[in-house]
Amino acid sequence: MSDVTPRGRTSDLLGLAAFLALCLAVSAAGGWVTAGSVTTWYPTLHKPAFNPPNWVFAPVWTTLYLMIAVAGWRVWRSRGSAARAALAAYAVQLTLNLLWSFIFFGAHLIGAALADIALLFAAICINAILFRRIDRVAVWLLVPYAAWVAFACLLNYALWRLN
């Protein structure tokens, strides 16, 4: 485990605000592209019986993005090359996360979105492994995210098969 870099309280709070802003920006961009299809294209898809109602997604993702932000912030507070590598993996999984919305809801490419979300799940797992070397709380903050993305991967697969 790395030591936390000695920073002032103001620096820590600004860092947390930056991670929150980053994750909420990813959420907002994904929401923006999703909004156009959630009432037009998405309702036309054949869905599996385990498809959650639409209202579930916003509160789940909002909670997850807050947890992802805090996890990233906790690792950012650490020093050393392990933290840099872990934060690079963090950036990769956030990018794959955002891309999924554009591929699935923006381009309506269910199969390509399935490939992206499978990569996203792998990236989250790698990110968690790298975070584990630095901050175990950060890892636990990623566990619900990994679980939800695993479920979303199964859902994406079912949508691809049915459509």
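The values are calculated or read from the model by the stated rules, or taken from the named source; none is laboratory data. What you see is a predicted model, and the numbers here were worked out from it, not measured in a lab. Counting neighbours? That spans all protein chains shown, and the Cβs are built from the backbone with ideal geometry, glycine included.
Numbers for the structure displayed
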quantity: Single match in A123, A146, A158 (criterion: at pLDDT 95 or above, of a type in the set (G, A, S), part of a helix (DSSP H, G or I) and over 11 Å from the mean Cα position of the chain (by Cα)); calculated: A158
quantity: Any hit, segment 43-53, residues being of a type outside the set (D, E, K, R), modelled with pLDDT of 95 or more, within 30 Å of R9 (Cβ to Cβ) and more than 12 Å from the chain's Cα centre (by Cα); calculated: no
quantity: Cross-chain or 6+ apart pairs with Cβ under 9 Å, segment 129-157 first and over 20 Å from V75 (Cβ atoms), then among the charged types (D, E, K, R) and in a helix (DSSP H, G or I); calculated: N156/D116
quantity: All positions within segment 129-152 that are closer than 15 Å to W100 by Cα and of a type in the set (F, W, Y); calculated: Y145, W148, F151
quantity: Test: residue in segment 50-59 that is within 22 Å of A147 (Cα to Cα) and of a type in the set (A, V, I, L, M); calculated: yes
quantity: Unmet requirement for V33, which otherwise passes all of (1) part of a loop (DSSP other than H, G, I, E, B); (2) crowded, with 16+ Cβ neighbours inside 10 Å; (3) of a type outside the set (F, W, Y); calculated: (1)
quantity: Filter result for I117 (closer than 14 Å to L96 by Cα, under 12 Å from the mean Cα position of the chain (by Cα) and not aromatic (F, W, Y)); calculated: yes
quantity: Search result, residues across segment 55-96 that are surrounded by 20 or more Cβ atoms within 10 Å (Cβ to Cβ), under 14 Å from I129 (Cα atoms) and at pLDDT below 95; calculated: A83
quantity: Sole exception among (1) touching a helix residue (DSSP H, G or I) at 6+ places or on another chain (Cβ under 9 Å); (2) part of a helix (DSSP H, G or I) for V56, by number; calculated: (1)
quantity: Every residue from segment 78-99 that is without any contact (Cβ under 8 Å) to a residue 60 or more places away in the chain, within 17 Å of V139 (Cβ to Cβ) and more than 15 Å from the chain's Cα centre (by Cα); calculated: A85
quantity: Verdict on L141 being under 15 Å from W61 (Cα atoms) and under 13 Å from the mean Cα position of the chain (by Cα); calculated: yes
